[in-house]
Amino acid sequence: MRALTAYICSFALFVAGCKKEEPINPYTLPEFQPPIDSVLVHTPDPNTIAGLHKYIFQPTCANSGCHDGTFEPDFRTIQSSWNTLVMQPVIKNNPQGSFQYRVLPGNPDQSVLIERMIHDIDGQSGIMPLWLEPGSDWPEKKNQYIQNVRNWILNGAPDVFGNVITTQNLPPQLKGLFLALPGSTEPLPRAIATGAVVVPLNQATVDVYVAFEDDQTPVEQLSYLKLRTGASLNAFSTFPELQLQLIPAVNGPAYGGGSTVYRHKVSISVSDIPPYQRQFIRTYVQDNSASPTEIPGAGSAPHVREYYSFQKGEQ
């Protein structure tokens, strides 16, 4: 009996020893396991364009109907924020015309972006932001956020990659526009201070005076110099171009208040325009860049496009 038991045990050990080993699956090893899920928290430096976009521009300024791509600056993305701020021309200035750029690298006091967050620049535009999303932390952190913007500008206003811009050929700017009766330089009135120019109902022609400015090209050397009028806000390619003429200097009202020098005008027919129908004006001018600039553009703010418009008769 003992012999039989010993035999059975020996046979069992033999069978166990001869059992084929299972191959190792390398994907079960710890070093091949996927990382444990975690939430990546992006905390950019608040004094960089990425930080300004995350903490200020995107939640506070890119609201629907505000700087959401409807008009510049465009705060929808980091890149669009930088592209439409740094060394970009000012659309709305103070009455003294103190500011040339939205952001002037190295100089926050000459950057209208800072001014718009501190003062009502022309007494009718308000202090930015004009309104806030529910739960916004702007009221509590306003001073901190403005200082972050100042710090970014003082550091050269670099882009998201740390690049800074030193020089740039800005597009020409439209400094002012007024309409007058033929042979006169007396501006026709506007419906409101910055609204459409009112042309007399029985008038057949009027003169349009335009004031341009450029950072590198003298006004008298600007080229292309075309003007279009039409009832549409945007479909201006369907309207004929009229050639602006260089004229001796004429002083007239500047957009934003004060006065400026006008060197170009064109006579236009208004005889076929229905009473009270709004007509919008676009100008096209070229400096030493490759193509003309359309002013005001399709992306210009509504009040800017309203300023560059006229109608026959006042309702």
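Throughout, read-outs are computed from the coordinates displayed, never taken from laboratory work. As the structure is a computational prediction, the values presented were derived from the model and not from experiment. Note that each Cβ is placed from the backbone with ideal geometry, even for glycine, and that neighbours are counted across all protein chains shown.
Only alpha carbons enter this Debye calculation for segment 98-245, each as an equal point scatterer, and the log10 of I(q)/I(0) it gives at q = 0.11, 0.15, 0.21 Å⁻¹ is -0.70, -1.05, -1.33.
Within segment 244-279, what residues put their amide N at less than 19 Å from the label point 7 Å along the Cα-to-Cβ vector of Ser98? Answer for this model: 254-260. Once you order the gyration tensor axes a ≥ b ≥ c over the Cα atoms, which shape class does segment 49-154 get: rounded for a/c under 1.5, otherwise prolate or oblate by comparing a/b with b/c? Because its axes are fairly even, with a/c under 1.5, segment 49-154 counts as rounded. Under the combined filter of DSSP loop state and at most 11 neighbouring Cβ atoms within 10 Å, segment 62-148 retains these chymotrypsin sites (Phe, Trp or Tyr not before Pro): Trp131. Between Leu181 and Cys66, the FRET efficiency estimated from the beta carbon spacing at R0 = 35 angstrom works out to 0.35. For a test of the definition: using alpha carbon positions, the gyration tensor, and the 1.5 limit on a/c, classify segment 234-293 as rounded, prolate or oblate. Since a/c reaches 1.5 but b/c is at least a/b, the shape of segment 234-293 is classed as oblate.
Here Ser111, Ser271 are placed in order of increasing Cβ neighbour count within 10 Å, fewest first, which gives Ser271, Ser111. How much FRET efficiency would the formula 1/(1 + (r/R0)^6) give for Ile118 and Ser237, where r is the Cβ-Cβ distance and R0 is 41 Å, rounded to 0.05? Efficiency, from the Cβ-Cβ distance: 0.55.
Cβ crowding within 10 Å ranks Cys61, Cys66 as Cys66, Cys61, fewest other Cβ atoms first.
The residues His67, His119, when put in order of fewest to most other Cβ atoms within 10 Å, stand as His119, His67. Sparse packing (at most 14 other Cβ atoms within 10 Å of the Cβ) combined with a DSSP loop state is found for none of the trypsin sites (Lys or Arg not before Pro) in segment 166-238. The ellipsoid equivalent to the alpha-carbon distribution of segment 173-312 has semi-axes of 22, 17, 15 angstrom, derived from the gyration tensor eigenvalues as √(5λ) and listed largest first.
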